[in-house]
Amino acid sequence: MPAAGQLEAWLDAGHGSSYAQGYLRRVQAQLHWVPREALTLASEHYQVSLASLYEAVSFSPLFSLEPRGERVIEVCQGLSCREVGGAEILKAFERLSGLKAGQSSS
């Protein structure tokens, strides 16, 4: 968990949703996830409702609300990918890495 001072150091001047989004992108880039403390701090500092920030972060694939590794590997699971071996690629990766889909090594 990051220290409160570390989260505060990434704040900048301004108010509103666009400034809050920029801050949350900085947090995501540095920590590889967005802790609840960062959402609360952004809400208070940028004067944006916590609910709207949580909604934006939880529905965006650019953000993670749970700690994850520095590198994220995505394997397509769409119909066309499955038809050409996407599921087999995922199984092979899981076997070689020792991780299951959604897990992290760090």
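The values are calculated or read from the model by the stated rules, or taken from the named source; none is laboratory data. Since this is a predicted model, take the numbers as computed values, not measurements. We place every Cβ from the backbone using ideal geometry, glycine too, and count neighbours over all the protein chains shown. We work out accessible area using only protein heavy atoms, side chains counted, and drop any ligands, DNA or RNA first. Shrake-Rupley method; radii C 1.70, N 1.55, O 1.52, S 1.80 Å.
How many percent of the accessible area of the chain is carbon or sulfur, using a 1.4 Å probe? Intermediate values should be presented prior to the final figure.
Working: 3860 of 7100 Å².
Summing carbon and sulfur atoms, their accessible area is 54 percent of the total for the chain.
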Checklist entry - Which whole DSSP H helices in the chain pass both tests: a Cα extent of 18 Å or more along the axis and a mean Kyte-Doolittle value no lower than -1.0? => result 17-31
Item to check | Inter-label distance, nm, simple model (7 Å from Cα along the C-beta direction), E66/S18 | outcome: 3.4
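Quick one: grab the alpha carbon gyration tensor of the chain, order the square roots of its eigenvalues as a ≥ b ≥ c, and give me rounded if a/c is under 1.5, else prolate or oblate depending on whether a/b is larger than b/c.
On the way: a/c = 3.62, a/b = 2.13, b/c = 1.70.
The shape class here is prolate.
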Next on the checklist: To the nearest 20 Debye, how big is the dipole of the chain about its Cα centre, given +1 on the beta carbon of each Lys and Arg and -1 on that of each Asp and Glu?
Outcome noted: 300
Checklist entry - What does the accessible area per residue of the chain come to in Å², with a 1.4 Å probe and no ligands, DNA or RNA counted? => result 67
Item to check | Centroid-to-centroid separation of the range 45-103 and the range 1-37 [C-alpha atoms, Å] | outcome: 21
Checklist entry - How about the range 41-85: which trypsin sites (Lys or Arg not before Pro) there are in a DSSP loop, with at most 15 other Cβ atoms within 10 Å of their Cβ? => result R71
